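Right, one structure below, let's go through it.
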Amino acid sequence: MMDPGLLVLQDMEKERETLQVWKQRVGQELDSVIAFWMEHSHDQEHGGFFTCLGRDGQVYDHLKYVWLQGRQVWMYCRLYRTFERFRRVELLDAAKAGGEFLLSYARVAPPGKKCAFVLTQDGRPVKVQRTIFSECFYTMAMNELWKVTGEMHYQREAVEMMDQIIHWVREDPAGLGRPQLSGTLATEPMAVPMMLLNLVEQLGEEDEEMTDKYAELGDWCAHRILQHVQRDGQVVLENVSEDGKELPGCLGRHQNPGHTLEAGWFLLQYALRKGDPKLQRHIIDKFLLLPFHSGWDPEHGGLFYFQDADDLCPTQLEWNMKLWWPHTEAMIAFLMGYRDSGDPALLNLFYQVAEYTFHQMSLRGCSSEERNLACYLARCHKKCTGTKPLPKDYTWTDPGLRPHR
């Protein structure tokens, strides 16, 4: 009989080899995606980035979405700061050009802080949303630019915008322009504390002053997100009342599996920083495993976009589509859960989602230059678009991920 200790070592070596294969596979995809966006998305005339690109790189709409501008600046800076192979001057120059475009044009009426949702190619506002999300991605971009360049005006912008967002969320939302109508339910979407918790992590990373400044906010955000676990822990709802109760109707029953998984890895970062293993286990159970098992299509595979907690038909017509971003969120979440807990079941779920995503969302039949991931699939896996998504996040290509002993 083989020594049990030897069996463990063999399993660990097999696990290490499998992880290395996935690291290489994801790394190759990341290189391909960044090369595509660097070649096709930069507006050399006005600055900023085009984000409506076909798989051949053709720009099919010149409008610029502020949250995508911020995300691309953040992504370029984070890659430049984190990976040696991306420490290239052209990547940093593009990030700085995107940051300057945001500084010049994102805010609708400076010195006011409200940002546009959409801009023309040359920076004129087209549309404003009555939410905080353009401002959140503006903050992320400015903070990451500061971390890369050391130029303090970027950090001042980040902190001033962060404090304005907090004021809108916790004190007075009037500046968002949202009318307070008598029939509107007082609702808290999970997206708001989620995004704020992400900003707390972003600004506090390796910055003791910012960590201390926003520590109470991080606790508040985590508490508010955890209130979305309802019905004695059996569901996570996208919207709850301001005092953490289930709301009536379709709004109250609404579920978004990908969003819950994304909240899960934000919360895992929070639990790790707090050193709270009990909270970590609760997050894995309720924000990773629960939405995955309820949201995974048992017939065709993949995560549904939306669900109804009572299995009624969701009001969103695209509810049963398979989008690329919930699957990347799931891959990030399961790798982080495995990293923090060592539970091999989470690693197996990563493999399940990764195999599905790379198999079903790959645009097979394309030339090697055109091969990329589809953004949207119908439930039966017919490709609905051929656009090439910007990478959702760098975390799931973390070179430091190693098998647990």
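Under 5 Å from the amide H of PHE50 lie the amide H atoms of HIS42, ASP43, each residue being 5 or more positions distant or on a separate chain, with H modelled from the backbone and absent for Pro and chain starts. Counting Cα-Cα pairs of the stretch 239-344 in 10 Å increments starting at 0 gives whole-percent bin shares of 15, 42, 32, 10, 0.
Our analysis of the chain gives Rg over Rh at 0.95, with the two radii drawn from alpha carbon positions and Rh computed by the Kirkwood formula. The length gained on full extension between MET12 and LEU272, counted as 0.36 nm times the residue separation minus their Cα-Cα distance, comes to 91.2 nm. With springs connecting C-alpha atoms under 10 Å apart, model the chain as a Gaussian network and identify which of GLN44, GLN155, GLN352 has the largest mean-square fluctuation. In the Gaussian network model the winner is GLN44.
For the stretch 179-278, the carbon plus sulfur part of the accessible surface works out to 51%, probe radius 1.4 Å. Look at the alpha carbon pairs under 8 Å that are at least 6 residues apart: their mean separation over the length of the stretch 10-107 gives a relative contact order of 21 percent.
Taking amide H as placed 1.01 Å from N in the peptide plane, VAL118 has its amide H under 5 Å from the amide H of VAL66, VAL126, LYS127, each at least 5 places away in sequence or on another chain.
Ranked from largest, the principal axis spans of the Cα set of the stretch 68-173 equal 43, 30, 19 Å. Helical runs assigned H by DSSP (4 residues or longer) give the chain a calculated mean residue ellipticity at 222 nm of -17000 deg cm²/dmol, each run adding -39500 (n - 2.57) before division by the residue total. Entry note: the stretch 115-180 has Rg to Rh equal to 1.03, where both radii use alpha-carbon atoms and Rh is the Kirkwood radius. Across the stretch 206-268, counting alpha-carbon atoms alone, Rg and Dmax equal 13.8, 44 Å. Once the chain from LEU176 to VAL21 is taken as fully extended at 0.36 nm per residue, the excess over their C-alpha distance is 51.1 nm. Would you please state which residues of the stretch 253-285 a label at THR315 would reach in this model, taking the label point 7 Å out along Cα→Cβ and a backbone N cut-off of under 11 Å? Only 253-254 pass the distance filter. Here the 3J(HN,Hα) profile of the stretch 292-303, calculated from phi with Karplus coefficients 6.51, -1.76 and 1.60 at θ = phi - 60°, is 5, 5, 7, x, 7, 6, x, 8, 10, x, x, 8 Hz, Gly and Pro shown as x.
Basic side chains Lys and Arg get +1 at the Cβ, acidic Asp and Glu get -1 at the Cβ, and with that the dipole of the chain about its Cα centre reaches some 600 debye.
Taking the chain as a Gaussian network of alpha-carbon nodes connected by springs under 10 Å, the highest mean-square fluctuation of the residues GLU206, GLU188, GLU135 belongs to GLU206.
Structure remark: mean-square fluctuation, Gaussian network model of the chain, C-alpha springs under 10 Å; the largest value among LYS274, LYS286, LYS96 belongs to LYS274.
The values are calculated or read from the model by the stated rules, or taken from the named source; none is laboratory data. Predicted model, so just to flag it, every value in this text is computed and none were measured. In this analysis, Cβ positions are derived from the backbone assuming ideal geometry, glycine residues included, and neighbour counts consider all displayed protein chains. SASA here: full protein model, heavy atoms, side chains in, ligands and nucleic acids out. Shrake-Rupley method; radii C 1.70, N 1.55, O 1.52, S 1.80 Å.
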